[in-house]
Every structure is written in C-alpha cells, then in structure tokens.
Amino acid sequence: MVDRRRYPLAMAGPIPRFLLPDTAEARGGRLFIGGCDTIELADRFGTPLFVYDERHLRDRCREAVSGFGEGVAYASKAFLCTAMARLASEEGMWLDVASGGELHVALHAGVPAGTLVFHGNNKSDDELRLALEVGVGRIVVDSFDELDRLDTLHAEGYPTPNILIRVTPGVEAHTHDFVRTGQDDTKFGFTVSTGAADEAIDRARTAPSVRLVGLHAHIGSQIFDLGSLAESARIVARMAAPHGLPELSIGGGLGVPYVEGESAPSIPEWATAVRHACEAEGVHARVTAEPGRSIVAAAAVTLYRVGTIKTIPGIRTYVAVDGGMSDNPRPVLYGSGYETFLPRAVDADRPLTVRVVGKHCESGDVLVEKGAVPDDIAVGDVLATPVTGAYGHSMGSNYNKVLRPAVVFCRDGDARLVVRRETHDDLVRCDL
C-alpha cells in the first residue's frame, strides 16, 4: 500500500463506464464482464489476460452490417484469432485480411473465401497465388507492380479476380502521423492528384487479368472527425461516377475513446455520413467499409498482476505489472493514453497518480504514463487497462522472450478460452 500523504494525488473518480465493455457491471464492488468475475478470471487463467465481452463484439458487428450492408468487412488486423474470425463471419461480416498469414487464419476458421478482401501494399507472388486459388472475394490492388503480377498469373492460367483499385484521395486525417494513409505522401495506393489513380482505373478496365468492380480508399486510423471520412468518400465517389463502378469501399479508421474526456461517432453515424456524401455526388454504388478498432477496442480489458510498487519521494510512484510493451505496444509506438483501475473496486475513487510500467528491460516500457488508482493499491492486486481489444494482441511480441497472454471470450457467465497462453516450449518451437 502507498502512503497517500507523501505522493501525488490525481483525485480521479471511478473509471468511466463508457470505457468499459457493454456488459460490464459491478457486483459487490468487483468488475464482471459477460457475467464473469474478472478477479476470478485472473486467478483461473493467469495474467496478463485479454478479456473480451462477446456480446459487445457481436453487437458492433451487427451495427456494421446494418449500417453498411453486404460486403462490410471486419479489419482483422485489429484483432484476429480463429474465434474472432468465426464470430465476425457468423454475424454477416466479410473479413479484410492483409497478409498470407491473416488469410490462412480466416480460412482455418472456416470463413468462406468469397467473403475475404485481400489487402497489402506489397503482396508476394505466393500470396496472390493463394488468394486466386481459394477464390477470395476481392483483391484490393495497391500498385502497378501488383497489376503486373496479376497479368503474369493470369497468363499462367490462374482465375480472374474481382478487384478494387486503392486510391489515395489526398485527405490528411487528423490523427497520428504513423497511421495516416490518405495523404499524397504514403506507401499505399494510387495517388489521385498525380493522375496515377485514373491511369490504374483505365488499365484495370481493359486488362483481361482482372475484373474491376470498384474503388477503395482509406485515409488513416483513430479518426474522430466524420468530416474527413465524408470528404474521402466524396472524392472516391467522384472518381467512380464516370466509370459506373458498382462498389465503393471507404476503408476504416473510425476512432474510439480511450480516456476520460474523449468521444467518438458511432458506427451508424459513420455509415450515414459516408452514404450521404456519396449520394450527394450522385453515386448510388454499394458503399462498404472496413471497421476494425470500432468493433473490438472497447470490447476488452487487459488484466495484469501488480508485482512491484516503487515510490520515489517527490517524483512519482511506479507500479510494475507482469506484462508491458509486448502485449500492448501502442503507448511506445504512438504515445497512446489509457486509463487504469482495480477490478476489485471498480466504483472506487482513484486518488493516486502512478506510472504503470511493464517487466521489460527498457526504460520506455510504459503502459500508462499517468494512471489513476485507489490509494490502497498493493502488490498482488489485479490491475486493469480498458479499451485494449484492438492492436494489443495483434501487435504483440515475445520481446525478452515474455510469453504471449491468453485470450478469453465471456458471455452469459461463461468464460471461453480462445487463445491459450504461450509456454516456454513455444519460444523454441521454430528453433533448429
């Protein structure tokens, strides 16, 4: 326990409920998700542990399907495992895959190949062969080199795929530099302003190796401004109009709130905004999208076990947990902010300011720069960070040979293990 008389106080109230999964509730002060006691989950499955609210996941998938209709694709890079691929497919979503590995997982999960959208700025010959062999629903073509590769594969007798041309609309989203993709200076797509996009469309329309069915654009991630997303849709709609293309994908990028004080549009609001933008241009093509973060981020919390509390008088209190940058690299990569709380006291005030750090051999291994927790936090406590359902598990690593966490889906009081925790033997499985 930390002496609150000697160390900084944040005077924060309880963790805001809008940052927790839909089914989150307090029973006797303890956090339950999907009817499951999170403290018991930590004891049963160990920590770190990703805990997902299955009903939350399904409800967001249904919102996406309702808002965009057939062809709306879950951006699997946000979080992918066999169970998640099956869940999204069961709820009527297609899946956006961006590598041969993601394609393999989706097929392993039993997702119909015809409902897969294959992305990537540098697809290999082998990846394209696999996509053509299994019959993916759409290939999003990203470069003239890719069109060359598809020409060669067509000459070798491979099937003719349905493709979308990815265009770069020149819209600079207000987000982190590392996740902006719509500006002219980007590795993705054919630039509208240089004429490359028109050239790619003209080539694809006449090439026997591909079947052009539409255009695609994606301007970035963690975007709160619907105006940027609508403007991108307008530009793409204008490009598609002269060609009478039947499909437009406006990509993903819808932001989610991670900390108190943030807010974001809902999936239905996003769908309405981009549809109106396309209709205003006189385009009535099928408008699809690729939500990822907005499906899974707020559906999960990560549970850690506190191992060390280090207080430096007049400076700060460090709380070290049994995970870190290997299970959530976003704070290190993007300076992303998170909240903290104790699941044993979900409704408690959080007057103590702490820096939550991981166990890695790096001073930069910081999970939460300025977290707020109850002042009776102690070694052995379970500490949680909310809104960790996106880009934690999927971007994780084995740095310092730390084991990757387990993942559970909770629903109606049942906790289902969907990804087991790694073992030390897993660390040497590929060694020779």
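No lab work stands behind these numbers, since they all come straight from the coordinates. Computed from a prediction, not measured in an experiment: that's the story for all the values here. Reconstructed Cβ throughout: ideal geometry from the backbone, glycine too, with neighbour counts over all protein chains shown.
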Checklist entry - Build a GNM of the chain with springs between Cα atoms under 10 Å: which of Val418, Val306, Val136 gets the top mean-square fluctuation? => result Val418
Item to check | Highest to lowest packing among 75-85, 368-378, scored as the average C-beta count within 10 Å | outcome: 75-85, 368-378
Checklist entry - Under the rule of -39500 (n - 2.57) per DSSP H run of 4 or more residues, summed and divided by the residues of the chain, what mean residue ellipticity at 222 nm is obtained, to the nearest 500 deg cm²/dmol? => result -8000 deg cm²/dmol
Next on the checklist: Could you order the peptides 226-232, 313-319 from most to least packed, using the average number of other C-beta atoms within 10 Å per residue?
Outcome noted: 226-232, 313-319
Next on the checklist: Taking 8 Å as the Cα distance limit and 6 or more residues as the minimum spacing, I'd like the relative contact order of the stretch 82-160 as a percentage.
Outcome noted: 26
Checklist outcome for this item: Of 379-392, 24-37, ordering from highest average Cβ density within 10 Å down gives 379-392, 24-37
Next on the checklist: Quick check for me: using +1 on Lys/Arg Cβ and -1 on Asp/Glu Cβ, what's the dipole size of the stretch 54-294 about its Cα centre, in debye to the nearest 20?
Outcome noted: 480
Checklist outcome for this item: Unpartnered Cys in the chain, judged by a 4.7 Å Cβ-Cβ cut-off, are Cys61, Cys81, Cys278, Cys361, Cys430
Checklist entry - For the stretch 384-432, what class follows from the C-alpha gyration tensor (a ≥ b ≥ c being the square roots of its eigenvalues): rounded when a/c is under 1.5, otherwise prolate if a/b is larger than b/c, else oblate? => result oblate
Checklist outcome for this item: Spelling it out for Asp37: with amide H atoms placed in the peptide plane at 1.01 Å from N, the residues 5 or more places away or on another chain with amide H under 5 Å from its amide H are none
Checklist entry - HN-Hα J couplings of the stretch 60-71 from phi, Karplus 6.51/-1.76/1.60, θ = phi - 60°, integer Hz, Gly and Pro as x? => result 5, 4, 5, 4, 5, 5, 5, x, 10, x, 4, x
Checklist entry - In square nanometres, what is the average projected area of the Cα convex hull of the chain? => result 21.4
Item to check | Summed side-chain charge close to Asp142 - residues other than Asp142 whose Cβ falls under 10 Å, Lys, Arg +1, Asp, Glu -1 | outcome: +1
Checklist entry - So, with +1 on the Cβ of K and R and -1 on the Cβ of D and E, and no other charges, what is the size of the charge dipole of the chain about its Cα centre, to the nearest 20 debye? => result 920
Next on the checklist: How high is the relative contact order of the stretch 54-294? Use alpha-carbon pairs under 8 Å, at least six apart in sequence, and give a whole percent.
Outcome noted: 19
Item to check | Overall form of the stretch 54-294 per C-alpha gyration tensor (a/c, 1.5; a/b vs b/c) | outcome: oblate
Checklist entry - Which residue, Gly69, Gly214, Gly244, has the most motion in a Gaussian network model of the chain that connects Cα atoms within less than 10 Å? => result Gly244
Next on the checklist: How tilted is helix 267-280 with respect to the longest principal axis of the chain? Cα atoms for both, answer in degrees (0 to 90, nearest 10).
Outcome noted: 30
Item to check | Choice from Arg44, Arg17, Arg420 showing the highest fluctuation, given a GNM over the chain with Cα pairs closer than 10 Å | outcome: Arg44
Checklist outcome for this item: Amide H neighbours of His360 at under 5 Å, excluding residues fewer than 5 places away on the same chain, with H built from the backbone geometry, are Met325
Checklist outcome for this item: Classified through the alpha carbon gyration tensor (a ≥ b ≥ c as square roots of its eigenvalues; rounded if a/c is under 1.5, else prolate when a/b is larger than b/c, else oblate), the stretch 322-424 comes out oblate
Checklist entry - Picking from Phe118, Gly67, Val332, whose Cα lies most toward the positive end of the charge dipole for the chain (charges on Cβ: Lys, Arg +1; Asp, Glu -1)? => result Val332
